[in-house]
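To start, the structure itself, in structure tokens.
Taken together, the values in this text are just the output of simple stated rules run on the coordinates, not laboratory data. These numbers were taken from a predicted model, which means no experiment stands behind them. Cβ coordinates were reconstructed from backbone atoms using ideal geometry, including for glycine residues, and neighbour counts include every protein chain displayed.
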Amino acid sequence: MSRPVPRLQRPGVAVLALTLLLAVLAPAAASAQPRDRRCSHAANVTYDRLLSCVSADSVMEHLEELQAIADANGGTRASGTPGYDASVDYIVEQLTAAGYEVTTQDFDFFYYDETAPSRFAQVTPTPTEYVEPDDFYTATYSGSGDVQAAPVVPVDINLDGDRANTSGCEPEDFADFPEGAVALVQRGTCPFGQKALNADAAGAAGVLIFNQGDDNPNDDRFGVVFATLGEPGVTIPVFGISFDLGVELATGEDVTVDMFAETIADERVATNVIAETPWGDPDNVVMVGAHLDSVPEGPGINDNGSGSAAVLDVALALRNARTPNKVRYAWWGAEEFGLLGSDEYVYGLSDEERDDIALYLNFDMVGSPNYVRFVYDGDGDAFGLEGPEGSAEIEQFFLDYYGLLGLASEPTEIDFRSDYSAFFDFDIPFGGLFTGAEGEKTPEQAAVYGGTAGEWYDPCYHMACDTIGNIAHDVLDVNVDAIAAAVLTYAFSTEDVNGVPGRKVPGRPLERVAPNPRAGVGGGSGGGHLLPAGA
């Protein structure tokens with residue numbers, strides 16, 4: 001899952017390479033066979049059959065492969081690295097051996113990595129060593145530099161009222177800026193990259209972007225700013241900090257700081273993987289997606305190996321399902337660099353091709369160790385922003401699914417931090433599941449879901465410790481079932497979402513399945529594998 005990025009409307013993007021994958025080596029085909037041959041040969045078009053063919057155990061097998069890929073490639077699967085290319089190969093081999101029509105879509109993007117730990121400290125008047133990411137965050141596409149005891153100079157900031165500002169947005173803001181000082185700019189009005197470029201051009205040695213400090217119900221405007229500059233170009237260190245720290249630095253006397261960053265940024269190639277069923281209505285396509293890439297700092301087994309592996313497990317279980325609607329699966333590249341893969345795909349479609357997409361299901365982080373069972377707030381009731389028409393119905397499907405198990409769930413904000421963003425831009429209904437990233441679990445949530453209040457939902461979010469040991473098996477087991485149930489439901493009918501008539505899923509309805517009592521499903525413990533009622 002990516003950090004927040006500015007919302008940009010992009011023009012249509014040409015597909016740089018769309019290559020049909022015709023064959024794979026025999027060993028890959030053999031590795032693609034599920035443990036249960038019955039599942040790999042049957043149609044699995046009833047809830048009973050499908051839910052017996054997906055599980056956390058089979059998802060974990062895919063995650064172990066992704067972990068092995070990261071281990072063999074410097075501990076990362078970030079787009080633009082050999083670890084990501086090997087991850088693409090694994091997904092493609094599995095799908096091609098299962099009989100899917102598979103294509104890859106290559107596109108250029110700007111890669112970024114920090115090659116050494118950043119450092120930020122106040123030298124005067126109060127010597128303080130700050131810790132990343134608790135106190136500061138190195139902005140994506142920050143430049144490099146070693147700044148020592150440089151004075152901090154506020155630039156057109158506003159600490160009063162609603163704190164609205166245009167701090168650093170105009171070159172004129174830096175008319176009298178002393179060369180070699182650190183520019184302290186405030187979040188607001190224009191992109192972070194614009195503020196940083198203006199400071200760089202004015203001779204600043206570094207940039208500190210502090211949060212705005214207003215009461216925005218849809219965003220945290222007080223905590224550390226997790227900024228992206230959008231693309232390379234800034235040559236000096238740029239750090240995001242909290243509103244309170246910004247106020248301290250702005251109002252202190254003779255404030256000086258150290259800043260150190262060592263980064264790399266260049267142009268590389270990333271890849272989307274697209275696989276679709278050879279049957280089903282091509283004018284009413286159900287899309288299911290997850291980003292495949294990790295951040296450079298780690299292997300990304302929860303973020304987002306968990307979503308990628310769960311979608312793969314469902315796709316393999318449905319390999320022989322001749323459903324009324326075409327199902328198209330996607331594994332996106334370069335999500336961690338600003339949702340680039342999904343933007344490349346959706347913006348590159350024609351209007352007619354976009355109109356053929358009935359809905360999009362997004363699964364980004366579905367196994368967080370300190371989880372909450374989040375569902376995207378499609379109706380906007382919880383956070384005030386409604387998804388495109390039909391999104392409310394998708395949200396309700398997942399809420400009802402958890403309800404069938406007697407499990408708690410709650411909405412999560414549409415914040416444009418994952419790959420549903422481009423679909424939203426074109427009014428395509430979307431929905432999906434999420435188990436939490438860097439947000440802190442509340443005491444109320446801990447009482448309902450278990451886990452630890454005051455800690456991140458994923459304590460290893462965007463870190464090297466996001467390994468195979470960073471997965472909550474119980475919530476992953478429930479969520480892969482939920483994903484499978486949703487895909488099968490909409491593969492048969494999207495009528496409640498877009499009004500296109502379909503058919504009921506054969507066999508017993510979803511209401512007739514029940515949790516396995518041996519798994520100890522409960523409100524706080526996660527869940528077990530679904531079995532037919534009475535089993």
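Which whole-number percentage describes the relative contact order of the stretch 112-264, with Cα contacts under 8 Å and a sequence gap of 6 or more? Let's see the in-between values first.
Values: 405 pairs, mean separation 58.8, N = 153.
Relative contact order of the stretch 112-264: 38 percent.
Hey, rough spin-label estimate for T126 and Q396, points 7 angstrom out along Cα→Cβ, what's it come to in nanometres?
Taking the two extended label points, one gets 5.2 nm.
May I ask for log10 I(q)/I(0) of the chain at q = 0.13 Å⁻¹, from a Debye sum over the Cα atoms as equal point scatterers with solvent left out?
Once normalised to I(0) and log-transformed, intensities are -1.26.
Enumerate the lysines that K504 could reach by cross-link, defined here as Cα to Cα under 22 Å, with residues fewer than 8 away along the same chain left out.
K326
Where in the stretch 485-503 does the label zone of R322 land, with the point 7 angstrom along Cα→C-beta and an amide N cut-off under 20 Å?
Flagged as within label range: 488-494, 502-503.
Mind listing the Cα extents of the stretch 38-123 along all three principal axes, in Å, largest one first?
Extents along the principal axes, in whole Å: 66, 29, 22.
Is the stretch 112-264 rounded, prolate or oblate when judged by the Cα gyration tensor, a ≥ b ≥ c being the square roots of its eigenvalues, rounded requiring a/c under 1.5 and prolate requiring a/b larger than b/c?
Details: a/c = 1.20, a/b = 1.16, b/c = 1.03.
Rounded is the answer for the stretch 112-264, as its axis ratio a/c remains below 1.5.
How far apart, in nanometres, would the label points at D135 and A72 be if each is projected 7 angstrom from Cα along the Cα-to-Cβ direction?
If labels sit at D135 and A72, their model points lie 4.2 nm apart.
Give me the distance in nm between label points sitting 7 Å out from Cα along the Cα-to-Cβ direction at T166 and D379, one decimal.
Those two pseudo-labels are separated by 4.2 nm.
Under a straight-distance cross-link criterion of Cα-Cα below 12 Å, which aspartates and glutamates are reachable from K195, leaving out those fewer than 8 residues away in the same chain?
D156, E170, E172, D173
For the chain, which DSSP H helices look membrane-span-like by this rule: Cα extent along the axis of 24 Å or more and mean Kyte-Doolittle of at least 0.5?
Details: long enough: 473-492 (29 Å, 1.07).
Counting only whole DSSP H runs, the qualifying helices are 473-492.
Using 0.36 nm per residue of separation minus the Cα-Cα distance, give me the extension gain between N216 and E410 in nm, one decimal.
Values: separation 194, 0.36 × 194 = 69.84 nm, distance 2.04 nm.
Difference between extended and current length: 67.8 nm.
Which one, G390, F109, F136, projects farthest toward the positive side of the charge dipole computed for the chain from Cβ point charges (K/R +1, D/E -1)?
About the Cα centre, the residue reaching furthest to the positive side is G390.
Please identify which residues in the stretch 301-327 have an amide N closer than 18 Å to a label point set 7 Å out from the Cα of R503, following the Cα→Cβ vector.
Once the point is set 7 Å along Cα→Cβ of R503, 318-327 turn out to lie under 18 Å by backbone N, inside the stretch 301-327.
Considering the options V247, F120, L159, tell which one lies farthest towards the positive end of the dipole of the stretch 112-264, charges being +1 on Lys and Arg and -1 on Asp and Glu at the Cβ, about the Cα centre.
With unit charges placed on the Cβ atoms, the residue in question is F120.
Within the stretch 470-502, name every residue whose backbone N is under 13 Å away from a label modeled 7 Å from Cα of D283 along the Cβ vector.
500-501
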